[in-house]
Amino acid sequence: MNVEQKLSTNKFVVDEGHPHIVIHQEKMDAATVKALTVVCPAGLYTLDDKGRIIFEVAGCLECGTCRVACAHMPGAMEWNHPRPSFGVQYRCG
Ligand code: SF4
């Protein structure tokens, strides 16, 4: 089983209306925006044709990599763990 297949077995319980990650692109520099599109292992950050971040919190692995990528940009991201019973449930490792 490869990594993609293992990840596809995870279950995500989305807390509708209470995203555990909120981004504030206006407080990020261009390098940080670009970094987000590269570092997220789930590929949840993409850019639209105007360079605005499109972020989908469903599918988040809660690894914290994006939080680290924004750590030097105060106020650029609100990152919290999901509320109890929400978020990723790992099924295979
Ligand atoms: S915590 Fe990890 S998986 Fe979730 S959005 Fe950030 S980088 Fe992606």
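Things worth noting here:
- Residue, nearest to the ligand (Cβ to nearest atom), within region 25-77, restricted to residues that are in contact with a strand residue (DSSP E or B) (Cβ under 8 Å, 6 or more places away or on another chain) and among the hydroxyl-bearing types (Ser, Thr, Tyr): Tyr45
- Within region 45-54, tally of residues that are among the hydrophobic types (A, V, I, L, M, F, W, C) and either open to solvent by less than 50 Å² (accessible area, probe 1.4 Å) or under 18 Å from Tyr90 (Cβ atoms) (or both): 1
- Pairing residues of region 15-44 that are farther than 16 Å from Ala76 by Cβ and open to solvent by less than 40 Å² (accessible area, probe 1.4 Å) with residues that are assigned to a loop (DSSP other than H, G, I, E, B) and more than 10 Å from the ligand (Cβ to nearest atom), at Cβ distances under 7 Å and at least 6 apart in sequence or on separate chains, gives Asp15/Pro82; Asp15/Arg83; Asp15/Phe86.
- Among the residues of region 65-93, those identified as in a helix (DSSP H, G or I) and open to solvent by 40 Å² or more (accessible area, probe 1.4 Å) are Thr65, Arg67, Val68.
- Residue check, Lys6 away from the ligand (no atom under 15 Å from the Cβ) and surrounded by 13 or more Cβ atoms within 10 Å (Cβ to Cβ): no
- Count of region 49-64 residues which are out of contact with any Ser or Thr (no Cβ under 7 Å at 6 or more places or on another chain) and assigned to a strand (DSSP E or B): 2
The values are calculated or read from the model by the stated rules, or taken from the named source; none is laboratory data. Since the structure is predicted, the reported quantities are computational estimates derived from the model, not experimental observations. Neighbour counts run over all protein chains shown; Cβ positions are idealised from the backbone, glycine included. Accessible surface areas use protein heavy atoms only, side chains included; no ligands, DNA or RNA. Shrake-Rupley method; radii C 1.70, N 1.55, O 1.52, S 1.80 Å.
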